[in-house]
Amino acid sequence: MATILPQAPVQPLQPQAPVQPLEPMQPSATLQPISFPKTKANPDPSLKMKAVIFKNRKSIEVGTLHAPAITEPNDAIIRITTSAICGSDLSVYRQELQGIVTGDIMGHEAVGIVHKVGDGVKFLRPGDRVVIAANIACGLCLNCKNQNYVHCDNTNSNRKLEDDYGQRSGGVFGYSQLKGGYDGLQAEYARVPFADVNCLKVTNSPLNDERLIWLSDALPTAWYANELSEIRPGSSVAIWGAGPVGLVTAMIARYRGAAKVVCIDYVPHRLAKATQIGATSTIDPGREKVISKLKELAPLGFDACIDAAGFRIQSQLKHKVMKFMELEVSGSDFMKEAAFAARKGGIICVIGEYYQPLLSSFPIGAFMEKGLQLRGGHVSVQRYWASLLTLLETNKIDPLPLVSHILGIEKAPAAYTMFDKKRDSVVKVVLRNPAQA
Ligand SMILES: [Zn+2]
Ligand SMILES: [Zn+2]
């Protein structure tokens, strides 16, 4: 018999950042004047840098620009030592997001050394080694005070998301006008607004950049997926997408004691990697029927189904036709398969990207009849990264085996092509900047 989720008192998961309930909105909070930082950094005329620059759809180049200068008092300028390419950078590369402009600097994952700080920065000094968070938070607004940093009210001056969804999310580095239009981190220097909040000091960490870089986004995202999915000893979880985030999500699920971890992906070398890092089973939808295989693996259903793949999955003919006719961008394979595969009362968790507001084939009947719960969203990196640093430093989790390529920043165009086409057994690509005296 399959083991059902233990009903015994739930053991607190270690380490767990304190989760505070969202305080009721105070009327005064909604009336506070919002002041966005200047999005585009002033150039530093005395310093040039290399940067990975968006040209056109599927075309990027490594160009030379002026480095950014301190533009707001809370800014720090970071000399980036290492950056990384994330699965969601491909959405920028493929121009799948609105508001990607020629000349934008790519990337939102980086480690570096503080070069300069503005007058308002309290906790950082030149020479400090830091990890930079993918999401930009002010640390002052009600959402930031409740540790919902990704929903910061003060860092995204673009109102498109507010028009679509009622409220807008916070800013993100290198991620289109939709997320504020900030320059990205795949460069030799970057400007970090509200630097005290958005830099994690790692000066004394013995870890190399290739391990620390996971704290910028992928590792907190994976932890958040596990939190939302309530993964605990004995849990069963199926994960769609075995890219870097899906794989590190599987790794953390195993660390948290999940008994059954199934990874689903079309790319054989990714599935091999999933097995290597502890997945108990893998499914290639090109060779097996996902629903029947999942039913065979967990007849009572999975405690959690996690989408780490996003809107691109669409094997059904109907969706291919709708995409072709530009009626719908997002595929519904995940939602349909997950609603079937989840146990009664199970959790469906979406951490993959969905940019379009609507999905026409939402399996609402299963939610009603099986009592499913839908959770998801972007992670607030700053909520988890200090605890996760401890996990890395104590070697409880080591994502280094997922780094398949370490390349110089000048190789970025070839690296993007390789990652986009999933060639050369690519999993995670890390870009190094030349060492400086
Ligand atoms: Zn990322
Ligand atoms: Zn804020």
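Bear in mind these aren't lab numbers, they're just calculated from the coordinates by the rules spelled out. Here the structure is a predicted model, which means the values were calculated and not measured. Quick reminder, even Gly has a Cβ in these numbers, built from the backbone with ideal geometry, and neighbours come from all protein chains shown.
Treating the Cα atoms of region 173-251 as identical point scatterers in vacuum, please give the log10 of the normalised Debye intensity I(q)/I(0) at q = 0.11, 0.12, 0.17, 0.26 Å⁻¹, two decimals. Relative scattering, expressed as log10 I(q)/I(0), comes to -0.42, -0.50, -0.91, -1.27.
When every Cα-Cα distance of the chain is counted in 10 angstrom steps from zero, the calculated P(r) takes the values 4, 22, 32, 27, 12, 2, 0 percent.
With a Förster radius of 41 Å, plug the Cβ-Cβ distance of GLU393 and GLN373 into 1/(1 + (r/R0)^6) and report the FRET value to the nearest 0.05.
It comes to 0.75.
Charges were assigned to the Cβ only: +1 to each Lys and Arg, -1 to each Asp and Glu. The resulting dipole of region 218-376 about its Cα centre is roughly 300 debye.
Under conditions of 4 °C and 1.567 mPa s, region 344-437 yields 73 µm² s⁻¹ as its translational diffusion coefficient, taking Rh as the Kirkwood radius over Cα pairs in the Stokes-Einstein equation. Between the listed residues ALA274, LEU372, ILE347, the Cα displaced farthest toward the positive end of the dipole of region 218-376, a dipole computed from Cβ unit charges relative to the Cα centre, is found at ALA274.
Please give me the summed charge of the neighbours of GLY184: other residues whose Cβ is under 9 Å from its Cβ, Lys and Arg +1, Asp and Glu -1.
-3
Across the alpha-carbon atoms of region 218-376, the computed radius of gyration and Dmax are 14.5, 45 angstrom. Using the Cβ-Cβ distance between THR102 and LYS38 with R0 = 22 Å, the FRET efficiency computed as 1/(1 + (r/R0)^6) comes to roughly 0.60.
Between PHE123 and ALA414, the simple spin-label model (points 7 angstrom out along Cα→Cβ) gives 4.0 nm. The amide H of ILE60, built 1.01 Å from its N in the peptide plane, has LYS55 as neighbours under 5 Å, considering only residues 5 or more places off or on other chains. Shown in residue order for region 400-417 are the 3J(HN,Hα) couplings computed by the Karplus curve 6.51 cos²θ - 1.76 cosθ + 1.60 at θ = phi - 60°: 3, x, 8, 7, 8, 9, 10, 10, x, 4, 5, 8, 4, x, 5, 5, 5, 4 Hz (x for Gly and Pro). Couplings for region 384-395, taken from phi via the Karplus curve 6.51 cos²θ - 1.76 cosθ + 1.60 with θ = phi - 60°, read 10, 5, 5, 5, 5, 4, 4, 4, 5, 5, 8, 6 Hz in order; Gly and Pro are left as x.
Residue by residue, region 170-178 carries 3J(HN,Hα) couplings of x, x, 9, 5, x, 9, 6, 4, 4 Hz when phi is fed to the Karplus relation 6.51 cos²θ - 1.76 cosθ + 1.60 (θ = phi - 60°); x denotes Gly or Pro. Cross-link partners for LYS422 among the lysines, with Cα-Cα distance under 17 Å and sequence neighbours closer than 8 places in the same chain left out: LYS58, LYS273, LYS411. A Cβ-based charge dipole, computed about the Cα centre of the chain with Lys and Arg at +1 and Asp and Glu at -1, lands at about 660 debye.
Contour minus end-to-end for GLU61 and TYR165, with contour as 0.36 nm per residue of separation and end-to-end as the Cα-Cα distance?
Result for the pair: 34.0 nm of gain on full extension.
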